[in-house]
Amino acid sequence: MLPKIESEKLLVGLDTADDAAVYKLNEEMALIQTLDFFTPVVDNPYLFGQIAATNSLSDVYAMGGKPIVAMNIVCFPSCSDMSILGEILKGGHDKVKESGALLVGGHSVDDKEPKYGLSVSGIVHPHKVLSNSNAKEGDVLILTKPIGIGIINTAIKAEIVDKNIEDEAVKIMTHLNKYAAKSFDEIPVNSVTDITGFGLLGHALEMAKGSNVSIEIDSQKVPIIESALEFASMGIIPAGMYRNRDYISKDVYYEGVKDSIMDVLYDPQTSGGLLISVDEDKGEELVKSIIKNKGMEAKIIGKVTKKEEKYIKVK
């Protein structure tokens, strides 16, 4: 465990398992700092670069900020074809450019297993910082991308996925949360996190614990990628789902929900969407705004309630 850092300038640190750190520079500006990288999730190196960069940039949007500069983090075997690395870097560059930030360099090491991602710096007004720990009782919860990516990627590796489903998964993973986050300039929200490796329920649990509330999710309203439920019922499930379930399930109550649906709710996501907690009377307005701003999805999937025995309830 790292020691707790005390500073009046550190607006968001380690305490709430948030998506990034936020450091106050002055009364008008705070710095958002994050990094993320991982091994390939698709065979196409250009698409892998896009996915990894999209995932890394997402943390800045989850904090309510705008990315300004990014640096590559590269692990790559020196004995491999360098044109592959070139395609990975091109994919990352193109997504950073789409975000409006600048890619300004990076660092690489010789490693037998390729890995790629970004260190990203962003900015936000100190009074407009968003976190995963400010959900309010009575809020509604909005999800901005379908889930089931981990299951679909597992099925892709098993070579049992139609190309249209694979293409849909890539489209989801390469869609910047920039577009959904634009709506935060129009409609104030209370709490935000992005859905990645801990799955929908894991990141919802972090929000519930950080905010000292409980969260109720309507499983029938959660957008799920086509075929993910089918593959889950066949046992085509990533190891990360089992780890998430083992860690999270003690804080989850559910009844009358199919096991395959619960598997998808625990499923680890790569470059997933945003989970947003917003005042109930602004929920529908925010949904419309996200769609207007070319967000991929915007569905109200649940609500925030007072703290109960279990942090999460799925119905």
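Annotations
- Criterion: farther than 18 Å from VAL69 by Cα and either at pLDDT 95 or above or in the same structural domain as LYS66 (by TED's automatic domain parsing) (or both) - qualifying residue of ASP162, ASP110: ASP110
- Restricting attention to the stretch 35-59, the residues that are more than 16 Å from ASN72 (Cβ to Cβ), aliphatic (A, V, I, L, M) and under 13 Å from the mean Cα position of the chain (by Cα) total 0.
- Qualifying positions in the stretch 145-159 - in a loop (DSSP other than H, G, I, E, B) and either at pLDDT 95 or above or buried (at least 22 other Cβ atoms within 10 Å of the Cβ) (or both): LYS145, PRO146, GLY148
- Scanning the stretch 76-101 for residues that are outside any helix (DSSP H, G or I) and surrounded by 19 or more Cβ atoms within 10 Å (Cβ to Cβ) yields PHE76, ALA101.
- Some residue of the stretch 235-242 being surrounded by fewer than 20 Cβ atoms within 10 Å (Cβ to Cβ) and more than 25 Å from ILE51 (Cα to Cα): yes
Okay, residues lined up against (1) under 16 Å from the mean Cα position of the chain (by Cα); (2) in a helix (DSSP H, G or I); (3) assigned by TED's automatic domain parsing to the domain that holds SER249; (4) farther than 16 Å from LYS310 by Cβ:
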| site | (1), (2), (3), (4) |
| --- | --- |
| LYS171 | yes, yes, yes, yes |
| ALA180 | yes, yes, yes, yes |
| THR193 | yes, no, yes, yes |
| LEU200 | yes, yes, yes, no |
| LYS209 | no, yes, yes, no |
| GLU216 | no, no, yes, no |
| VAL222 | yes, no, yes, yes |
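- Residue within the stretch 87-101 that is over 19 Å from MET173 (Cα atoms), out of contact with any helix residue (DSSP H, G or I) (no Cβ under 9 Å at 6 or more places or on another chain), in the same structural domain as ASP19 (by TED's automatic domain parsing) and not small (Gly, Ala, Ser) present: no
The values are calculated or read from the model by the stated rules, or taken from the named source; none is laboratory data. Model, not experiment: these values are computed from the prediction. No Cβ is skipped: glycine too gets one built from the backbone with ideal geometry, and neighbour counts run over all protein chains shown.
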